[in-house]
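Colleague: Sharing a structure with you now.
The values are calculated or read from the model by the stated rules, or taken from the named source; none is laboratory data. Just so it is clear, the structure is predicted and the values come from calculations on it, not from any experiment. Please note: Cβ atoms are built from the backbone with ideal geometry, for glycine as well, and neighbour counts cover all protein chains shown.
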Amino acid sequence: MMRIGEFALASGLTVKALHHYDAIDLLKPARVTANGYRTYSPRQLREAATIRALRNIGLALDTVAEALSNPHYINSFIERHRAHVADERARQDADAAQGSALIDSLELDYTVRRRSMPAQHWVGLQHEIRNLELEQVESPLATLRMALTEAGHTISGPWWTTLRQTAEAEVVEVLFCWPTTQIPAEPVGISGTIVESGTLPGRDELFVTLENIRRRFRSRRSRRRSRTDRDDRASKR
């Protein structure tokens, strides 16, 4: 038998994750001693490795539990997730095409490039917008960022949003996402909200650079530097 620390080291899972998986009946210890110590069997390493692999792919914990209950169909769960990711990629490509068309209409100088991106863990907060009443983006993003920071998670890049259709025509669901260095082993709790997490696979993506805006920024920065230099020379006189 292996103590929880030994099992965590062998499986690649954290002790905190093992506690959580025990609490939700995803991976129970083989035995709990009279004084409360959890011990695991080496035979459970295969199950732990499966959980870790499915989580790294991006499957939610409830889907992982369902997959473990149907081990002969695990590949079906993976293929279903892969199809979802492909649909999301197609949506992103369509959004990029629409963005290019919009920029064309604004007559801005821009460049559309393709870049290769590594797999990216993310955590997102669901937010509903009703009757097209646009609310400030900073509110849900700031709330989620604070919750992630308090939980000890590291944000690894800029945020993004994903729009989803709902059954109600006047309601749009927005998922505000922050990239993180790892998927939270335990749910990120924010009262009155739904928080999701997952992993974007390694992918090629399109991005747009607005040349006019870059030149305008460089020009403004140059003017600010020149003004600072003049002030410094004046103060030395």
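Colleague: Going by what's in this entry, would L68 be described as under 22 Å from the mean Cα position of the chain (by Cα), surrounded by 16 or more Cβ atoms within 10 Å (Cβ to Cβ) and either assigned to a helix (DSSP H, G or I) or at pLDDT 90 or above (or both)? Reasoning before the result, please.
Modeller: Working: under 22 Å from the mean Cα position of the chain (by Cα): no; surrounded by 16 or more Cβ atoms within 10 Å (Cβ to Cβ): yes; either assigned to a helix (DSSP H, G or I) or at pLDDT 90 or above (or both): yes.
Criteria not met by L68.
Colleague: Let me ask another. Quickly run through segment 26-62 and pick out the residues that are over 29 Å from the mean Cα position of the chain (by Cα), among the basic types (K, R) and surrounded by 14 or more Cβ atoms within 10 Å (Cβ to Cβ). First the steps, then the outcome.
Modeller: Here is the first cut: in segment 26-62, the residues over 29 Å from the mean Cα position of the chain (by Cα) are 29-43.
Retained after the next criterion (residues that are among the basic types (K, R)): 31, 38, 43.
Once the filter is applied, which keeps residues that are over 29 Å from the mean Cα position of the chain (by Cα), among the basic types (K, R) and surrounded by 14 or more Cβ atoms within 10 Å (Cβ to Cβ), segment 26-62 yields only R38.
Colleague: Quick one: is T149 surrounded by 10 or more Cβ atoms within 10 Å (Cβ to Cβ) and at pLDDT 80 or above?
Modeller: Values: surrounded by 10 or more Cβ atoms within 10 Å (Cβ to Cβ): yes; at pLDDT 80 or above: yes.
Taking the combined requirement at face value, the residue satisfies it.
Colleague: Given the structure, is A142 in a helix (DSSP H, G or I), out of contact with any Lys or Arg (no Cβ under 7 Å at 6 or more places or on another chain) and either closer than 27 Å to G58 by Cα or at pLDDT below 80 (or both)?
Modeller: Numbers: in a helix (DSSP H, G or I): yes; out of contact with any Lys or Arg (no Cβ under 7 Å at 6 or more places or on another chain): yes; either closer than 27 Å to G58 by Cα or at pLDDT below 80 (or both): yes.
The answer is yes for A142.
Colleague: Is there any pair linking a residue in segment 165-186 that is among the small types (G, A, S) to one that is modelled with pLDDT of 85 or more, with Cβ under 7 Å and at least six apart or on different chains, and which?
Modeller: Pairs found: A185/T14; A185/K16; A185/A17; A185/H20.
Colleague: In segment 33-56, how many residues are more than 16 Å from A8 (Cβ to Cβ) and outside any helix (DSSP H, G or I)?
Modeller: Number of matching residues: 4.
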